[in-house]
Amino acid sequence: MATEVVSKSQPAPSSHSWKGAGCPSDSGPTGDGPADHRQGGIGLSGTRIRIEVLQLELGKRGWNFVDLARAAGISPATLSAANHGARISPRTLRRIAEALNRQPVIPAAEDLIAS
């Protein structure tokens, strides 16, 4: 059974601090690189990841964010921005979901993960 990793119903934050990290954008050739949100980022058209669900899914596979970024073919900066509330493109969401589906869950890992 697939786990829902995305939430489209969360309101956009009224203000945010990027601290130089940037946010994901479809402006690059692969659509997954970080970009300054004032220079063509996807803005409100993207989707936010339910980070607590994503962290659980990573734990069940013995992965960290770098492992997922590598398997999904996205930059760690894009995943980090999503972890901090940035919206991601549908293309990036698809890459993340497909990477998670390709990696099997470690048997009994979910029982070991603290909630």
- Of the conditions (1) surrounded by 16 or more Cβ atoms within 10 Å (Cβ to Cβ); (2) β-branched (Val, Ile, Thr); (3) without any contact (Cβ under 8 Å) to a residue 24 or more places away in the chain, Thr92 clears all except one; give me its number. (3)
- Message: Which residue is surrounded by the most Cβ atoms within 10 Å (Cβ to Cβ), if the candidates are limited to the range 69-85 and must be at negative phi, in a loop (DSSP other than H, G, I, E, B) and at pLDDT 95 or above?
- Response: Ile74
- Can you tell me which of Ala108, Ala82, Ala71, Ala86 is over 15 Å from Thr47 (Cβ atoms), in contact (Cβ under 8 Å) with a residue 24 or more places away in the chain and aliphatic (A, V, I, L, M)? Ala71
- Task: Check Thr92 against each of (1) at pLDDT below 80; (2) assigned to a helix (DSSP H, G or I); (3) in contact with a strand residue (DSSP E or B) (Cβ under 7 Å, 6 or more places away or on another chain) and name the one condition it does not meet.
- Result: (1)
- Note on the structure: Restricting attention to the range 57-68, the residues that are surrounded by fewer than 17 Cβ atoms within 10 Å (Cβ to Cβ) and either touching a residue at least 40 places away in the same chain (Cβ under 8 Å) or farther than 25 Å from Leu112 by Cα (or both) number exactly 1
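The values are calculated or read from the model by the stated rules, or taken from the named source; none is laboratory data. Since this is a predicted model, take the numbers as computed values, not measurements. When we count neighbours, we look across all protein chains shown, and the Cβ atoms used for this are built from the backbone with ideal geometry, even at glycine.
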